[in-house]
Structures are given as C-alpha cells and as structure tokens.
Amino acid sequence: MTLPPALTRNQVKHLRSLSKKKHRHEQRQFLVEGETIAAEAVNAATSGLRYLICTADYFHSQSDAWRSQVADRIYCCDQQAIASISSLDSPPSVLALLDMPPLEEDALPDAASDAPASGLGLYLDGLRDPGNVGTIWRIADWFGVTRLYTSEDCVDLYNPKVVQASMGAFLRVAARTRPLASLRSEHPQLTILGTCISGGSDGLHYNWPADTLLVIGSESHGIRSAVGELLNGWISIPRGPQSSGAESLNAGVATGILCASYLRTFSDTPR
C-alpha cells in the first residue's frame, strides 16, 4: 500500500509556528492532537479540516473507507517529526490542521448569526487557565449550550491546551471573543447574570429566565467591577452546611453546577 506524501520542511515549520497565538491568528489555523479528536474532525462537516499528519503505522491501521475519505488531505511522517510539532508531553500518532471559523466581519449576512440563541449562553471574564476554559467549553457541549463568549483578555480559545481540554466541543459549540457591553446593547432580551462566591441569588433553586447569559469570572479575581455594572443580577452556589470554609469553587465545577440548575428549571417544559 502506497503511503501518502511526506511533510515538507516548510510544512513542518508552519505547523510548529502554530504553537504561538500570533501565528495561529495570522494564519487562522490551529492544530488538534490525538486519535479521538482527529477522528471527530474528519467526520464533522464543519470542522474546517485542512489535512491530517500521521505515522505510517497509524495510516495502515485505518480502514479503506477512512483512507478514501481523507485521501487528498493526509501526510505521513515519523514519530520524531510529530513530536517536534506536538504540544503534548506524549505526542500522539495523528494530528489534524484545521481552519478557524470565519471572523464575525467575514460572515455572510444570512449565515448563522452571532446572536446568542434562545436559552443559556456562557461568557468568560478574564479566565487565564487553558484547562478551565477547555473544560467549560466541554461542559457547554454536554448541557446543550450553543454559544460561548470570552473577554479579550481570556486565554486564546485555540491554545493547544484549551483545544485538548475541550474534547472536541469546539466542533459543536460556537465560541467568540466579544466585549460584554456590545452583547448587552445588541441583545437587550438577554438576562445577564454574574457568578459570585456569596450574596447572590441561590443558584441551586433559581428560577432561570429562558434567555440567560451567565458570566463566569476568574478564580483569582472574580468578575471585574466594569463587567459587574453590566449585569442584571448575581447568582451564587450555597455552601454545604458542613463546609469547612473552602475559599472558592473551581470555575469549571461552578459552571457545570449552574448549567445543571438551568436545565432543571426547564426540564418539564418542551423546548
């Protein structure tokens, strides 16, 4: 069986450059790593797949149908070359190069709009931990949240650690970097709620408005005062009666709890 062509030196150089945010956004491309996410990218019509990079062993282990599916979009190289490109401590046997979604200003007027869909949306204010952001993206996917927004100073959505932690959620949940003020002015129907450690409405028994944008602040600083001025209200997760006084919840954990609470509000209502 004939192997696909090998990567050129220029391709390797280009792929290595995508480890830096500047080059990812200049080229509007990013890498995903590992068999599971690469397989999802191959099968998702909207993934923006450019091409795959894999070892010969990986190529030979795949079905004829798979090889036919990616026939003109695959390159082979050895594990050493993949290790030089990969951001992981244990490099996988397959990588995928994807195009980022179009910028808002490039989208056609009749394309899927950037307006928050009815239901729950998430807004991340100043989160810097890529694992947290990727996990929240994954949580959004689990609970059927259709829109994720981040402030401009959040960690890059296409940081390799964010992509890895999202477990393929980037293929299903649209994410944008937007100022909260513009979302509020463009979509006045939204109820914008901010999370806080204490003093807000009880997030476990809250009667959620149908169209809610939930703002999650960083674990270090919480929601900033300028963002707080744009909120319609605050929501918190009550401590258990036997709590010994933990300082805060992990941002991803808090997001999951509140998404579950929102879903319960409407669990008996057809949507």
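Every number here is computed from the coordinates shown, using simple stated rules; none is lab data. Bear in mind that the values here come from a model prediction, so they are computed numbers and not experimental data. Cβ atoms come from the backbone with ideal geometry, glycine included; neighbour counts cover every protein chain shown.
Can you tell me the 0 to 90 degree angle between the C-alpha axis of helix 251-265 and the longest principal axis of the chain, rounded to 10? Compared with the principal axis, the helix lies near 70 degrees.
For region 9-103, treating each Cα as an identical point scatterer without solvent, what Debye log10 I(q)/I(0) comes out at q = 0.24 1/Å? Ignoring solvent entirely, the Cα scatterers give -1.39.
Footprinting exposure proxy ranking of D202, D89, fewest other C-beta atoms within 10 angstrom first, gives D89, D202. Spin-label pair T36-D72: with each label point 7 Å from Cα along the Cα-Cβ axis, the two points sit 3.2 nm from one another.
Just want the ordering: M100, M1, M167, from fewest to most Cβ atoms lying within 10 Å of their own Cβ. Before the final figure, lay out the partial values.
Working: M100 15, M1 7, M167 18.
Going from sparsest to densest Cβ surroundings: M1, M100, M167.
Over all Cα atoms in the chain, the spread is summed up by Rg and Dmax: 20.7, 66 Å.
Taking 0.36 nm per intervening residue step and subtracting the Cα-Cα distance, what contour gain separates Q79 from K21 on full extension? Each step should come with its number before you reach the end.
Details: separation 58, 0.36 × 58 = 20.88 nm, distance 2.45 nm.
Gain on stretching Q79 to K21: 18.4 nm.
The calculated 222 nm mean residue ellipticity attributable to helices in the chain amounts to -9000 deg cm²/dmol, summing -39500 (n - 2.57) over DSSP H runs of n ≥ 4 and dividing by all residues. Solvent-free Debye calculation, one equal scatterer per alpha-carbon of region 181-271: log10 I(q)/I(0) at 0.16, 0.17, 0.18, 0.26 Å⁻¹ equals -0.68, -0.76, -0.84, -1.47. Residues I223, I82, I136 in ascending order of nearby Cβ atoms (within 10 Å, fewest first): I223, I82, I136.
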